[in-house]
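The values are calculated or read from the model by the stated rules, or taken from the named source; none is laboratory data. Since the model is a prediction, treat every value here as computed from it, not as a measurement. Virtual Cβ from ideal backbone geometry, glycine too; neighbours counted across all protein chains shown. In case anyone asks, the SASA skips ligands and DNA or RNA and just uses the protein heavy atoms, side chains included. Shrake-Rupley method; radii C 1.70, N 1.55, O 1.52, S 1.80 Å.
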Amino acid sequence: MKAVIIVLLALLAASARGLEPVITEFMADNEDTLSDTDGDRTDWIEIHNPNATAFLLAGWYLTDDLAVKTKWQFPAITINGGAYLVVFASGKNRTDTGAEL
């Protein structure tokens, strides 16, 4: 049985102006929702930028281990104002900002 992912988004860069992005949804033990470009149905995390302006995620991390808060670092990707970003927790470590993370 797949363990439920504990997701922590930690800001380790300088404070940003306005609101910080938030995790609005996550799927653990994904069996029938989104699939990645390989057709795999892994856990995923949805992040929302509530700002009216774009937000750079460089310096932010995702982790499933509270003792290791810097487990996976976002590449220098920007979430436009009001937009959402889905990151698959597949272990594939995809960091191309022009493709699926």
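Around PHE88, with a cut-off of 12 angstrom between Cβ atoms, what is the net charge of the other residues, counting Lys and Arg +1 and Asp and Glu -1? Charge balance near PHE88 sits at -3. Using a probe of 1.4 angstrom and keeping all protein chains present, the accessible surface of the stretch 41-101 works out to 51 square angstrom per residue.
Put a dot 7 Å past the Cα of GLU100, heading toward its Cβ, do the same for LYS71, and the two dots end up 2.1 nm apart.
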